[in-house]
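Report on the following structure.
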Amino acid sequence: MDVTVTVNGHTYERDVEPRKLLIHFLRDDLDLTGSHVGCDTGNCGACSVIVNGTLLKSCMMLAVQANGATIETVEGLSADGQLTALQQAFHEHHALQCGYCTPGMLMSATALLRENPRPSEDEIKKALQGNICRCTGYWNIVEAVKAVAE
Amino acid sequence: MLLREVEYAKPASVAEALGLLAENDGARALAGGQTLINVMKARAASPDALVDLNGLDELKGIELAADGTLTIGAMTTYSELMASAEAKARPILGEVCATIADVQVRNRGTLGGNVCSNDPTNHLPPLMCAIGARMTIVGQAGEREVPAEEFFLGVYMTAVGPGELLTRIAIPAGKHDGFAAVTLGADGTCICNAAASVNGSVRVAIGCVDAVPVVITAGSPDEVAAAVRAADLDPPSDVHASAEYRRHLAEVLATRAAKEAAAR
C-alpha cells in the first residue's frame, strides 16, 4: 500500500506491507534508527514517537495507519543542530546510562512539557510511566525533566 | 516483530466497516490496537484482514443528555475521556481510565477496545457492570442495546457477534462509585479488581476472578464481604496469585470499592 508521511519535516512516500509496524517502517524503510525497539510488546516505550501531536508507542501501530500523518521522532528534536533544552538537561544531569531508553524518554518528556510546561515531580513520574529504563536511572531522568520545568 | 501477512482496510463509514467484516470471516475490527497488535505479534491471533475503525467519526465523541446520561463513542480513547468535561458527569470513568497502563497506551487505547477484548484482567468490564452501562451493537440486521451484565459472555468473548460492532456505551448519571485494584506495579495489570456503585443498595462487580465480571449486591458496604464469601468464587491460580489469595483480594477490594462509593 502507498503510504505518505511527514517525519521531522520531510515527506516520504513508500510502498508498505500492511503487516509492517510503524517502528520498523521508521527504522528500516526511512533509516531513522533513533527510535528503538526494546521489548516489542508495548511495555518499554523505547519506540515512543509523536504522531499528529499524540505520543504513542510505534510498535503498536501499523505503518499504513500513519498514512497522511505528521510524525516527530527523536531525530527531529535537534534538527537544527542545537540540542533542545530537554536534551541539554539530560546531558547535564547524566540522565542516561546505556542510552537505549533515551529516545523514548525524550519523546515522552517532550510531549509532557508541551501539554504541561510546569509539571510537578509526580506528574513527571506519571508521564514517564510508559518508559522503562533497565539501568534504573530514573532519578536523574526525573531531575532533568524537573530542571527544564523550572 | 513481523506480523503474519494481513490485509488492511480503512472504511469511511460504519456501514462500510460492517460490509467489510461481513464479507470476510477472517476479518477483525482494529480499534486502538493496544491489545490486538501485540496478540498478533505473538500469533495468538492471526486475522486475515484488519478493518481499521480509526477515522470513523461516527464512533467518536462524548455526549451528555439533559437527564445526565452519558453516551460515549466506542472509539473514544482513554485520554479523550479523561480530558472530557462531559465525562465528569460520572467521575469514576476518568479516574479509572487514568490508571490504565501509561500515557502512550491511554492516548491510543479505546473504551470500545477495552470492553470488546474482555480480557478478565481489564479494568472496564467490571466498571461497566457496576455502573449499569448499556452497550449499543450494530450489525447488518440493525441495532440493539445490551446491558453490560449481558454483554460479557466469556474470556475474550462478548455479545458483539461476527460481523458486528460496538458503536457506543450509554451510562446513567451518578457519583457514588468506587474502584479498587491490586495491580502488578502502579497502574499495571490487575491481579484482582472491583468496581462499586451505591444507589440505595450496593452493587459491586469483581474482575479477574472468573471469565466475566461477577456482580454482587448488598444492603450496605459492611455486608459486601459476606456477600462475596457467599458467592463462593472459584478464581484462577497463576504466577501472580493463588486462587485462595485472589478470593481474599476479592473480598477486600469489593469492600474497599463499596466504602469509597458510599463515602462520595
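The values are calculated or read from the model by the stated rules, or taken from the named source; none is laboratory data. Just so it is clear, the structure is predicted and the values come from calculations on it, not from any experiment. Virtual Cβ from ideal backbone geometry, glycine too; neighbours counted across all protein chains shown. Ligands, DNA and RNA are excluded from the accessible area calculation, which covers all protein heavy atoms including side chains. Shrake-Rupley method; radii C 1.70, N 1.55, O 1.52, S 1.80 Å.
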For residues in region B:1-25 being away from chain A (no Cβ under 12 Å) and closer than 19 Å to B:Gly113 by Cβ, which is surrounded by the most Cβ atoms within 10 Å (Cβ to Cβ)? B:Ala17
Test B:Gly94 against the criterion of being more than 11 Å from chain A (Cβ to nearest Cβ), over 10 Å from the mean Cα position of the chain (by Cα) and at pLDDT 95 or above, and give yes or no. yes
Is at least one residue of region A:63-71 within 14 Å of chain B (Cβ to nearest Cβ), free of Cβ contacts under 8 Å to residues at least 60 places away in the same chain and surrounded by 14 or more Cβ atoms within 10 Å (Cβ to Cβ)? yes
Would you list the strands (runs of 3 or more DSSP E) that sit entirely within region B:26-73 and hold 3 or more residues that are free of Cβ contacts under 8 Å to residues at least 60 places away in the same chain and within 21 Å of B:Val6 (Cα to Cα)? B:27-30, B:49-52
In region A:72-90, is there at least one residue being among the polar types (S, T, N, Q) and assigned to a strand (DSSP E or B)? no
With (1) over 21 Å from B:Thr76 (Cβ atoms); (2) of a type in the set (Gly, Ala, Ser); (3) within 14 Å of chain A (Cβ to nearest Cβ) as the list, and B:Ser117 as the residue in question, which single condition is left unmet? (1)
Out of all the residues in region A:34-61, which are open to solvent by 10 Å² or more (accessible area, probe 1.4 Å), under 18 Å from B:Leu2 (Cβ atoms) and more than 7 Å from chain B (Cβ to nearest Cβ)? A:His36, A:Val37, A:Gly38, A:Cys39
Hey, can you tell me all the residues within region A:9-25 that are surrounded by 17 or more Cβ atoms within 10 Å (Cβ to Cβ) and either under 19 Å from A:Thr110 (Cα atoms) or in the same structural domain as A:Ile132 (by TED's automatic domain parsing) (or both)? A:Ile23
Taking region B:137-165 as the search range and keeping residues that are open to solvent by 100 Å² or more (accessible area, probe 1.4 Å) and without any contact (Cβ under 8 Å) to a residue 24 or more places away in the chain, which one is nearest to the chain's Cα centre (by Cα)? B:Glu150
Yes/no for A:Ala144 being touching an Asp or Glu at 6+ places or on another chain (Cβ under 9 Å), open to solvent by less than 10 Å² (accessible area, probe 1.4 Å) and assigned to a helix (DSSP H, G or I): yes
Within region B:66-73, does at least one residue satisfy the condition of being modelled with pLDDT of 95 or more, in contact with a helix residue (DSSP H, G or I) (Cβ under 6 Å, 6 or more places away or on another chain) and within 14 Å of chain A (Cβ to nearest Cβ)? no
Which of the residues spanning region A:2-14 are in contact (Cβ under 8 Å) with a residue 12 or more places away in the chain, away from chain B (no Cβ under 13 Å) and outside any loop (DSSP other than H, G, I, E, B)? A:Thr4, A:Val5, A:Thr6, A:Val7, A:Tyr12, A:Arg14
Can you tell me which of B:Val212, B:Val204 is open to solvent by 30 Å² or more (accessible area, probe 1.4 Å), within 26 Å of B:Leu70 (Cα to Cα) and hydrophobic (A, V, I, L, M, F, W, C)? B:Val212
Among residues of region A:75-116 being more than 14 Å from the chain's Cα centre (by Cα) and within 14 Å of chain B (Cβ to nearest Cβ), the residue least open to solvent (accessible area, probe 1.4 Å) is A:Asn116
Assess whether A:Gln65 counts as being of a type outside the set (Lys, Arg) and in a helix (DSSP H, G or I). yes
How many residues of region B:187-245 are β-branched (Val, Ile, Thr) and touching a residue at least 40 places away in the same chain (Cβ under 8 Å)? The answer is 9
